[in-house]
Amino acid sequence: MTNGGDALIRSLELEGVEIMFGLPGGAILPVYDPIITSSIRHVLVRHEQGAGHMAQGYAHATGKPGVAIVTSGPAATNMVTPLLDAYMDSVPMVCITGQVAYSAIGTDAFQEADTTGITMSATKHNFLVSDAADIPQTIHEAFHIATTGRPGPVLVDLPKNIVNPADPSSHFEWVEPTAPDLPGYNPTVEPDLDLIREAAAMISAAKRPVLYAGGGILKARGADALRELAELVGIPVVTTLMARGALPDSHELNLGMPGMHGNYTAVMSMQEADLLVALGSRFDDRVTGKLDGFAPDAKIIHVDIDPAELGKVRRADIGIQADVRLAMEALISAIGSTNQADRSAWRSHLSGYQEKFPLVYEDSAPGDALKPQFVLERLRDGSPEDTIVTSGVGQHQMWASQHWNFEHPYTWINSGGLGTMGFSIPAAIGAKAGMPDRTVWAVDGDGCFQMTAQELVTASMERIPIKVALLNNGYLGMVKQWQEMFYDERYSEVYLSPDLPDYKMWAEAMGCHAIRVESPEEVDAAIAEANEVNDRPVVVEFRTDPREKVFPMVAAGATNSELMVDPSQTDKLPGGGH
Amino acid sequence: MSDRFHTVVCKVENKAGVLARVAGLFARRGFNIESLAVAPTDDDAFSRITFVVDVESAPLEQVVKQLDKLINVVDIRQLDPTTAIQREFMMITVDVAPDDRQPVFDLAEEYVAEVLDTGANDMMISLSDTPARVDEFEERLRPFGISQIQRTGTVGMAKLQP
Ligand SMILES: Cc1ncc(C[n+]2csc(CCOP(=O)(O)OP(=O)(O)O)c2C)c(N)n1
Ligand SMILES: [Mg+2]
């Protein structure tokens, strides 16, 4: 005889779970008792949103599903943001929520929330378990759904009575889970070889092709295949915000990030392409700009494991539903030694762009405020090459993506689809917990920091020594940038103050080693000091220039061809610039 | 029915909450469900949901793909009206005094409708036919005065191979 609570923990152990992030409360209480003796490490968070983002960071860094466990009602609603974040960015995670007793559901019981109803559109799937005996099978199916096909978050809602050993309805005879019984779920992973042959021919004949690499490549563990494919055909690659690191930034075929804040060459390569090979990417509006003007001459080959992505935004000339790694491997063998069109003109055209429009920023004049881009470049050069970087959402995120050199897959973790401020610190904790031997830097903004900083207490207590580079510009900088550019410099509710709170004191109060940096000369020493500390979290507060804006930029509603470059490069634009 | 009406048939797992998941995907996009019919199939582990939605084809195609992604949706098809047989059932009560009933009986005979009940001042009639014929029958009864009406929503199946 077992009970639902014990069975849940045993089921999680059977799935190979090593760590979970959570916070207990009434409805989930019985489940917390067997945690004491479980082999699974539990990280006690300070806010449930943190548990969710930690599970995401862990999942992205390790490739294993992240697990979060929280109680009912307000805890479950606190989990909604990370669930949706994971759903948008296809992150495999399983979230366990407590629920009021089955008989009390629908009665407005204390801490009752319609969790499966609320999270229906924020999860790949969710379960409300009514019978304790269903727990082992449901947990097995939850992990199966989360980790196969297009990965995503799955929530399992457990009424208290079925996990509470004091309640007879929690008792049952343990039965090992069997193969998932999900008649409506059979993700196709193998590509159709006829389509692969057609695609191979189209690629081989293209004169101005671009491989448009998306986050799906990382989800499919397809970085090696991407590199092999790109090198085989000699086609330049753009790596989206979700795919940074899928091909080393130092690789000669890597043009870098496309999109709203992409670099000139990456954006223009897509605009001028005659063929885009979309690999696990989804034509997000942040990549395409105004759709009517996006890549007007390009034919499209679109590979995605999710059939609903094919043709969702842009009609594909060849749409291939498959695991993108398997599809790339099939393309590699189908192309083999097929003659490739002469693309030397195309490549030299693009390297012309690279020379003319590199990422630039104006160095600070002596005595002037610190430039955030400079900080990130120094941080990049002063940290190990395989450092894992997480980021919040805002200007600092774009600068981090632009100025870091991602040489390895799974070294860049951010909130791409949902754009969740506050993501970086908990995501970094999750990543560091999963990859304890790696240096993990959270690049954060002052606005973001104030949303989830309390998880640094978690990091201190649990001895998960992450490092935070806080780019304190005293503003909700990205919003300020838009108000400056598109609202006549009318700044509405974007000023935060660089001094309030005192970030150094706050970080110290949370058990961190804290350093404040105000001038360029202090930057390197501070980074070296931070990289030396490994017994607790570090926060380096960089006071950065609030006037700095992110360029290049495609304004909302504009086409990518209207990309605005750094003011110092405007005169080099064809026609003198926009 | 106009071109904007499409009939979608899905086979789903017969589990709590499945209808909400399906309906939720339509609601999210602001698509109005014109009619809806749900019942178990011959295998009671599965149900069939038939809905008629008022929407352009292109966005519908996207929703159908999204529906197909739902874990509990086993199979989904759009019924092509030219190759499908569709039926709807209606029960209707008209206000007619006993002396004025002959025309209603005639109409019922013309449509092969069934008179289910007669009251002191009203009659209850049922009809199972194509949605268009059901519409038409309803319109022709309207002058007599309709006091109650219930329609089941369309169900359909693909035509058999000749
Ligand atoms: C939870 C949440 N609320 C609001 C926003 C809108 N938003 C996007 S960027 C940004 C400013 C972020 O400020 P900060 O963290 O200081 O970063 P900065 O842009 O200054 O680098 C805001 C408010 C968001 N993305 N997420
Ligand atoms: Mg800021």
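I'd like the full set of residues that are open to solvent by less than 10 Å² (accessible area, probe 1.4 Å) and not small (Gly, Ala, Ser), limited to segment A:144-162.
Correct list: A:ILE145, A:PRO153, A:VAL154, A:LEU155, A:VAL156, A:ASP157, A:LEU158, A:PRO159, A:ILE162.
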For a quick check of your reading of the model, give me the residue pairs whose first member lies in segment A:386-403 and is within 14 Å of another protein chain (Cβ to nearest Cβ), whose second is within 16 Å of ligand 2 (Cβ to nearest atom) and part of a loop (DSSP other than H, G, I, E, B), with beta-carbon atoms closer than 7 Å and at least 6 apart or on different chains.
none
Test each condition in (1) near ligand 1 (Cβ under 9 Å from one of its atoms); (2) farther than 14 Å from A:VAL393 by Cα; (3) hydrophobic (A, V, I, L, M, F, W, C) for A:ILE466 and report the one that comes out false.
(1)
Among what's in segment A:331-360 and is in a helix (DSSP H, G or I) and among the polar types (S, T, N, Q), pick the residue that is nearest to the chain's Cα centre (by Cα).
A:GLN354
Just one of (1) crowded, with 18+ Cβ neighbours inside 10 Å; (2) farther than 20 Å from A:LYS207 by Cβ trips up A:PHE294, so point out which.
(2)
Per the filter on segment B:49-58, residues open to solvent by 50 Å² or more (accessible area, probe 1.4 Å) and within 14 Å of another protein chain (Cβ to nearest Cβ) are B:SER57, B:ALA58
Is it fair to say A:ASP524 is surrounded by 12 or more Cβ atoms within 10 Å (Cβ to Cβ) and either away from ligand 1 (no atom under 16 Å from the Cβ) or at positive phi (or both)?
yes
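Looking only at segment B:136-158, which residues are under 22 Å from B:VAL38 (Cβ atoms) and of a type in the set (Val, Ile, Thr)?
B:ILE149, B:THR152, B:THR154, B:VAL155
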Please return the ranges of helices (runs of 4 or more DSSP H) entirely within segment A:428-547 where 2 or more residues are acidic (Asp, Glu) and more than 16 Å from ligand 2 (Cβ to nearest atom).
A:520-532
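State the number of residues belonging to segment A:295-308 that are within 14 Å of chain B (Cβ to nearest Cβ) and either in contact (Cβ under 8 Å) with a residue 12 or more places away in the chain or part of a strand (DSSP E or B) (or both).
Of the residues in segment A:295-308, 5 are within 14 Å of chain B (Cβ to nearest Cβ) and either in contact (Cβ under 8 Å) with a residue 12 or more places away in the chain or part of a strand (DSSP E or B) (or both).
Every residue in segment A:139-154 that is in contact with a helix residue (DSSP H, G or I) (Cβ under 8 Å, 6 or more places away or on another chain) and either more than 19 Å from A:HIS60 (Cβ to Cβ) or assigned to a loop (DSSP other than H, G, I, E, B) (or both), please.
Initial filter on segment A:139-154 (in contact with a helix residue (DSSP H, G or I) (Cβ under 8 Å, 6 or more places away or on another chain)): A:139-140, A:150-154.
Across segment A:139-154, the qualifying residues are A:ILE139, A:HIS140, A:ARG150, A:PRO151, A:GLY152.
Would you mind finding the one in B:VAL74, B:VAL134, B:VAL94 that is touching a residue at least 24 places away in the same chain (Cβ under 8 Å), buried (at least 17 other Cβ atoms within 10 Å of the Cβ) and either hydroxyl-bearing (Ser, Thr, Tyr) or within 14 Å of another protein chain (Cβ to nearest Cβ) (or both)? Lay out the reasoning, then the answer.
Working: B:VAL134 fails: either hydroxyl-bearing (Ser, Thr, Tyr) or within 14 Å of another protein chain (Cβ to nearest Cβ) (or both); B:VAL94 fails: either hydroxyl-bearing (Ser, Thr, Tyr) or within 14 Å of another protein chain (Cβ to nearest Cβ) (or both).
Matching residue, one of B:VAL74, B:VAL134, B:VAL94: B:VAL74.
Restricted to segment A:102-138, and to residues that are assigned to a loop (DSSP other than H, G, I, E, B) and among the polar types (S, T, N, Q), which residue is farthest from the other protein chains (Cβ to nearest Cβ)?
A:GLN111
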Could you list, in sequence order, the residues of segment A:299-319 that are buried (at least 23 other Cβ atoms within 10 Å of the Cβ) and among the hydrophobic types (A, V, I, L, M, F, W, C)?
A:ILE301, A:VAL303, A:ILE305
Say whether the condition of being in a strand (DSSP E or B) and either at pLDDT 90 or above or of a type outside the set (Asp, Glu) (or both) is met by at least one residue in segment B:54-69.
no
Restricting attention to segment A:409-424, the residues that are within 15 Å of ligand 1 (Cβ to nearest atom) and under 17 Å from A:THR62 (Cα atoms) number exactly 3
Only listed residue being in contact with an Asp or Glu (Cβ under 7 Å, 6 or more places away or on another chain) and either within 14 Å of another protein chain (Cβ to nearest Cβ) or open to solvent by 10 Å² or more (accessible area, probe 1.4 Å) (or both), chosen from B:GLU34, B:GLU61:
B:GLU34
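Conditions (1) within 14 Å of another protein chain (Cβ to nearest Cβ); (2) within 18 Å of B:ASP135 (Cα to Cα), marked per residue:
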site: B:ASN14; (1), (2): yes, no
site: B:ARG29; (1), (2): yes, no
site: B:ALA39; (1), (2): no, no
site: B:SER47; (1), (2): yes, no
site: B:LYS69; (1), (2): yes, no
site: B:PRO81; (1), (2): no, yes
site: B:MET90; (1), (2): no, yes
Going by the structure shown, is A:ASP292 more than 14 Å from chain B (Cβ to nearest Cβ) and farther than 18 Å from A:LYS219 by Cα?
yes
Would it be correct to say that B:GLU110 is modelled with pLDDT of 90 or more and within 30 Å of A:PRO151 (Cβ to Cβ)?
no
Matching option when the condition is buried (at least 24 other Cβ atoms within 10 Å of the Cβ) and either under 23 Å from the mean Cα position of the chain (by Cα) or under 29 Å from A:ARG41 (Cβ atoms) (or both), among A:GLN395, A:GLN402:
A:GLN395
With respect to the numbered conditions (1) without any contact (Cβ under 8 Å) to a residue 60 or more places away in the chain; (2) of a type outside the set (Phe, Trp, Tyr); (3) within 30 Å of A:PRO358 (Cβ to Cβ), which one is the sole condition not fulfilled by A:ASP488?
(3)
Before we move on, is B:VAL22 of a type outside the set (Phe, Trp, Tyr), within 20 Å of the chain's Cα centre (by Cα) and more than 14 Å from chain A (Cβ to nearest Cβ)?
no
List the residue pairs whose Cβ atoms are under 8 Å apart, where the first residue sits in segment A:224-241 and is at positive phi, the second is surrounded by fewer than 22 Cβ atoms within 10 Å (Cβ to Cβ), and the two are 6 or more positions apart or on different chains.
A:GLY234/A:LEU253; A:GLY234/A:GLN340; A:GLY234/A:ARG343; A:GLY234/A:ARG347
Any residue in segment A:487-495 that is of a type in the set (Asp, Glu) and within 16 Å of ligand 1 (Cβ to nearest atom)?
yes
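Condition check ((1) part of a helix (DSSP H, G or I); (2) under 21 Å from the mean Cα position of the chain (by Cα); (3) under 30 Å from B:VAL38 (Cβ atoms)) across all residues:
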residue	(1), (2), (3)
B:PHE89	no, yes, yes
B:ALA108	yes, yes, yes
B:LEU116	no, yes, yes
B:ALA120	no, no, no
B:ILE125	no, yes, yes
B:VAL134	yes, yes, yes
What's the number of the condition A:ASP363 fails, among (1) of a type in the set (D, E, K, R); (2) open to solvent by 10 Å² or more (accessible area, probe 1.4 Å); (3) closer than 30 Å to A:GLN569 by Cβ; (4) touching a residue at least 40 places away in the same chain (Cβ under 8 Å)?
(4)
Given (1) in a strand (DSSP E or B); (2) within 30 Å of A:ALA142 (Cα to Cα); (3) more than 17 Å from the chain's Cα centre (by Cα), where does B:VAL94 come up short, assuming only one miss?
(2)
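The values are calculated or read from the model by the stated rules, or taken from the named source; none is laboratory data. Keep in mind it's a predicted model, so treat the numbers as computed, not measured. Positions of Cβ are generated from backbone atoms using ideal geometry, with glycine treated the same way; all protein chains shown enter the neighbour counts. Only protein heavy atoms, including side chains, enter the accessible area calculation; ligands, DNA and RNA are left aside. Shrake-Rupley method; radii C 1.70, N 1.55, O 1.52, S 1.80 Å.
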